[in-house]
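Written out below as structure tokens is the structure these notes cover.
What follows draws every value from the coordinates through simple rules; no lab data is involved. Bear in mind the structure is a predicted one, so any value in this text is a computation, not a measurement. FYI the Cβ positions are ideal-geometry reconstructions off the backbone, even for glycines, and counts take in every protein chain you see.
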Amino acid sequence: MPAAPPEPPSYRTIRYEVADGVAVVTLDRPEVRNAFGDGMGGELSDAFRRCDTDDAVRAVVLTGAPPAFCAGADLSAGGDTFAAPEGDGFSAAAVPMPPWRVRKLVVAAVNGHAIGLGLTLALQCDIRIMAADARYGIVQVRRGVMGDAYSHWTLPRTVGQSAAAEILLTGRTFDGPAMRDLGVCRQVLPADEVLPTALELARDVAVHAAPLSVAASKALLWDSWDRSRDEVEALETLHHRRLMAHPDAREGVEAFLARRPPEWRGTVSVEAPAGPES
């Protein structure tokens, strides 16, 4: 008899569901607009590790329980919210396993307000689809701290230096069309269309994109800014040699010519190098 599928993990602050090759990770503290706290960072890390190593998962969607995506840091501690941490264990990374290290496409379905950590978390994903009438901002300079979760790395590479400065240094909030104009996302929709659109994209990739090809391209894409032109060419060549030697290179062409869905054999958990560390 085939092994029973693993039991879904039990989390307090998020939901984790897998169907049709897509894992949906939902920030699930709607009573506080999914504010980041109560161990959410650790639970997200665990969920992203599951997404990375589970070959049944071929694409990931990160979203929030309505009416928000994530309102940012949990401010329930009042003035002590950003109190100086004790010891050496503090990291501004917030999520130890960030989405860019997941060797699958990760789509942020930003279906409502994303403030502070909410927006910086979405910036760690590969693609963002955002609600038109929500508010977005990295507002930490207006709270006496500064942008976190690698935002000084993800934002300039996404939107450029000038737009990154406008977002990070002013602490202002913007609506969906302004986010699109600044280059944070390419698609802005009514809030109730954001998640279905993200799921449609993720399901299409789960079926039609070769898992090993996505893993190789994503790793190089996120790593490319730290490398020279010649280094990128050398890595593209290396990845091509590996992919061309794999049965999926033949399957992709044969499936296309036969006008049928491909039957991918590649397993990311075994055959793909681990994603970039930072």
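Helix 161-170 versus the longest principal axis of the chain: what angle, 0 to 90°, nearest 10, using Cα atoms?
40
Between Leu221 and Leu75, what's the calculated FRET efficiency when r is the beta-carbon distance and R0 is 25 Å? Round to 0.05.
0.10
Normalized C-alpha radius of gyration of region 210-271, against 2.2 N^0.38 Å? It would help to have the intermediate numbers written out before the result.
Details: Rg = 13.2 Å, N = 62, 2.2 N^0.38 = 10.6 Å.
Dividing the Cα Rg of region 210-271 by 2.2 N^0.38 Å gives 1.25.
Inverting the mean 1/r over all pairs of different Cα atoms, compute the Kirkwood radius of the chain and quote it in Å.
Mean inverse Cα-Cα distance, inverted, gives 19.6 Å.
Counting each DSSP H run of 4 or more residues in the chain as -39500 (n - 2.57), what helix-only mean residue ellipticity at 222 nm follows after dividing by all residues, to the nearest 500 deg cm²/dmol? List each step's numbers first, then the result.
On the way: 10 runs with 109 residues, N = 278.
The helix contribution divided over the chain gives -12000 deg cm²/dmol.
Two-decimal Rg/Rh of region 152-278 from alpha-carbon positions, Kirkwood Rh? Intermediate values should be presented prior to the final figure.
Working: Rg = 18.5 Å, Rh = 17.6 Å.
My calculation puts Rg/Rh at 1.05.
Full extension from Glu254 to Leu235: what is 0.36 nm times the residue separation minus their Cα-Cα distance, to one decimal in nm?
So the chain would gain 4.2 nm between Glu254 and Leu235.
Highest mean first, what order results for 109-117, 175-183, 161-169, 122-130 on Cβ atoms within 10 Å?
Result, highest mean first: 109-117, 122-130, 175-183, 161-169.
Taking the Cβ of each residue in Arg259, Arg50 as the centre, tally the other Cβ atoms inside 10 Å and list the residues starting with the fewest.
Going from least to most buried by this count: Arg259, Arg50.
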